[in-house]
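The values are calculated or read from the model by the stated rules, or taken from the named source; none is laboratory data. These numbers were taken from a predicted model, which means no experiment stands behind them. Cβ placement follows ideal geometry from the backbone for every residue including glycine, while neighbour counts extend to all protein chains displayed. Areas reflect the complete protein model, heavy atoms only, side chains present, ligands, DNA and RNA absent. Shrake-Rupley method; radii C 1.70, N 1.55, O 1.52, S 1.80 Å.
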Amino acid sequence: ASGYSTHDAAAGLQQAGHDVRVLVLDDHAGGDELFPVRRVVCKAGDATADLPFAFPCFTRHPRSSLSFDALSDEQIAQYREVLRRCLDEEIAEFDPQVVHAQHIWLLGHLALEAGVPYVLSATGSDLLGYAADERYRRFAEEAAENAGRIFAPSDHTRRQVLATFDVPDERVETLDP
């Protein structure tokens with residue numbers, strides 16, 4: 001579901017006249033998008049993949065059964081390093097005014113480390129990941145505390161974000177229609 005919302009947000013921004021680029025983790029290299037997409041390919045047994053394991057998820061996914069809490073420390077380090085390199089390259093090429101990271105998670109922390117303005121979208125599943133594995137908590141906490149805004153899909157998720165992270169109330173916005 002988060003992949004669809006990322007696509008829809010990028011398409012909406014592009015339709016509003018903004019230049020967008022998208023960085024995603026996927027199990028394949030190609031796609032047919034209306035905007036530039038850079039894929040970090042995650043595929044076990046594929047020597048050409050960027051990461052030698054399936055893309056990790058917070059909850060069940062039809063194309064990956066690997067959860068973030070099942071990653072080894074070495075795999076987490078690989079994941080961060082590959083995403084860091086790809087994000088840094090995209091920032092250098094595109095010079096974005098703001099980076100949007102889907103989830104209060106590692107990519108948001110990498111945007112913080114890169115020194116670019118960024119916003120986060122909480123989904124609720126990222127909060128499950130936060131609760132399930134303490135190895136990610138520092139990254140999520142620092143990403144949340146330094147984000148320009150955190151968007152929540154519902155008031156329930158907004159309350160969860162505020163209860164989980166030390167962020168000012170006014171920086172967490174609900175996207176409920």
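Note on segment 55-80: residues that are in a loop (DSSP other than H, G, I, E, B), among the hydrophobic types (A, V, I, L, M, F, W, C) and either open to solvent by 30 Å² or more (accessible area, probe 1.4 Å) or within 14 Å of residue 126 (Cα to Cα) (or both) amount to 2. Among the residues of segment 90-148, those that are crowded, with 18+ Cβ neighbours inside 10 Å, of a type outside the set (Gly, Ala, Ser), under 23 Å from residue 77 (Cβ atoms) and touching a strand residue (DSSP E or B) at 6+ places or on another chain (Cβ under 6 Å) comprise 90, 99, 102, 104, 107, 118, 120. Among the residues of segment 53-67, those that are closer than 11 Å to residue 129 by Cβ and either modelled with pLDDT under 80 or among the hydrophobic types (A, V, I, L, M, F, W, C) (or both) comprise 57, 58.
Within segment 160-175, if we keep just the residues that are part of a helix (DSSP H, G or I) and farther than 21 Å from residue 138 by Cβ, the residue that is least open to solvent (accessible area, probe 1.4 Å) turns out to be 169.
Scanning segment 39-54 for residues that are of a type in the set (A, V, I, L, M, F, W, C), closer than 15 Å to residue 83 by Cα and part of a loop (DSSP other than H, G, I, E, B) gives 49, 53, 54. The lone criterion from (1) crowded, with 17+ Cβ neighbours inside 10 Å; (2) within 23 Å of residue 7 (Cβ to Cβ); (3) within 16 Å of the chain's Cα centre (by Cα); (4) at pLDDT 95 or above left unmet by residue 157 is number (3).
Flag: residue 93 does not match the condition of being assigned to a helix (DSSP H, G or I) and more than 27 Å from residue 14 (Cβ to Cβ). Could you please find all residues in segment 95-141 being of a type in the set (Lys, Arg) and within 17 Å of residue 166 (Cα to Cα)? Passing the criteria: 137, 138. Residue pairs whose Cβ atoms lie under 8 Å apart, separated by 6 or more positions or on different chains, with the first residue in segment 68-89 and more than 16 Å from residue 132 (Cβ to Cβ) and modelled with pLDDT of 95 or more and the second among the acidic types (Asp, Glu) and part of a helix (DSSP H, G or I), are 84/113. If you go through segment 6-53 and keep only what is polar (S, T, N, Q) and open to solvent by less than 50 Å² (accessible area, probe 1.4 Å), you end up with just 6.
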